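Encoded as structure tokens, the structure appears first; notes follow it.
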Amino acid sequence: MAILTKNNLIDALNNNTLAFDPPIDAFQLQPAAIDIRVGWSFYIPHTWKLTENGREAVVADYVNQSSLEENFRLIKLQPKQYFEILPGESVVASTLEKIHLNAGNIAGILHPRSSSSRRALSIESGVIDPYYSGNLIIPIRNNSVHSLKIYPGERVCQIVFYELKEDIPKKEAGKHGVQEAKYHTATPYSLGTKPDSKEEVQFIQNGTLQELKQSYTITTTPKNE
């Protein structure tokens, strides 16, 4: 698995194997990565709610599908506005660019830029599958003792692209485990958490993990046998 360098990335952009909307600019192209800009949308987690019992903490339970609710508030910024992340606060931002991976042999991994780490911003990494098309989420945490401003358009993270050992068919790339990929066409306004398959969740809720393993075994017979 080889990392795509600057010339490889330019070739991929020219032949539309890799595309961005809006297109990337010269500031974003790095020796072995492409910097990604923060978009206009930020998601702030709800920490409490007022119920008939009084003020209660919001307990996020993403396994209990009967009680799924939106635990984040969407903030849409306008030009010249900024977003202040409080000390110790975690938020989710959208990317400005949509990414389009138009080949089965290229994948990416989202990483923080070193300049973000120097500001005490933690950015979680994530895998971008072949044939992915959509915006990405940027999970951000402020680990400093100061509030930090983030402006839409800032380059806070980067994607390192890899050439895979073999092509993955488009249909297979759209499968995560035994279900369809949940976030394959995400937009800045649809970045919330989606539930896993009901079949898997039922095993987890019942504590029958051994039965889960036995019911969904993986065939490991080599192709040439």
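Where a number appears in this text, it was derived from the coordinates with a stated rule and is not lab data. This one's a predicted model, so the numbers in the text were calculated from it and none came from an experiment. Note: ideal-geometry Cβ built from the backbone for every residue, glycine included; neighbour counts use all protein chains shown.
Name the shape class, rounded, prolate or oblate, that the alpha-carbon gyration tensor gives for the stretch 2-192, where a ≥ b ≥ c are the square roots of its eigenvalues, rounded holds for a/c under 1.5, and otherwise prolate holds if a/b is larger than b/c and oblate otherwise. List each step's numbers first, then the result.
Values: a/c = 2.29, a/b = 1.41, b/c = 1.63.
Judged from the Cα gyration tensor, the stretch 2-192 comes out oblate (a/c at least 1.5, b/c at or above a/b).
The GNM of the chain, with springs linking C-alpha atoms under 10 angstrom apart, assigns the highest mean-square fluctuation among E56, E124, E163 to E56.
With helices as the sole contributors, the chain gives -3500 deg cm²/dmol at 222 nm; each DSSP H run of n ≥ 4 counts as -39500 (n - 2.57), and the sum is divided by every residue.
Simple point charges give the picture: +1 on the Cβ of Lys and Arg, -1 on the Cβ of Asp and Glu, and for the chain a dipole about the Cα centre of about 640 debye.
The value of relative contact order for the stretch 80-165, using C-alpha pairs under 8 Å at least six residues apart, is 46 percent.
Just need the relative contact order of the chain here, percent rounded to a whole number, with Cα pairs under 8 Å and 6+ apart.
Numbers: 411 pairs, mean separation 55.9, N = 225.
Here the relative contact order equals 25 percent.
Near C157, the amide H atoms lying under 5 Å from its own belong to I36, R113; only residues 5 or more places off or on other chains count, and H is placed 1.01 Å from N. Counting lysine pairs in the stretch 2-192 that sit 8 or more residues apart in sequence, or on different chains, and whose Cα atoms lie under 24 Å apart gives 16. In the neighborhood of S116, defined by Cβ-to-Cβ distances under 14 Å, what is the net charge if each Lys or Arg adds +1 and each Asp or Glu adds -1? Around S116, the surrounding residues sum to +4. Ordering 197-209, 11-23, 104-116, 138-150 by mean Cβ neighbour count within 10 Å, with the highest value first, yields 104-116, 138-150, 11-23, 197-209.
When the chain is treated as a Gaussian network with alpha carbon springs shorter than 10 Å, the biggest mean-square fluctuation among G126, G88, G153 belongs to G88.
Result for the chain in a Gaussian network model with C-alpha springs under 10 Å: among L101, L212, L121, the largest mean-square fluctuation is at L212.
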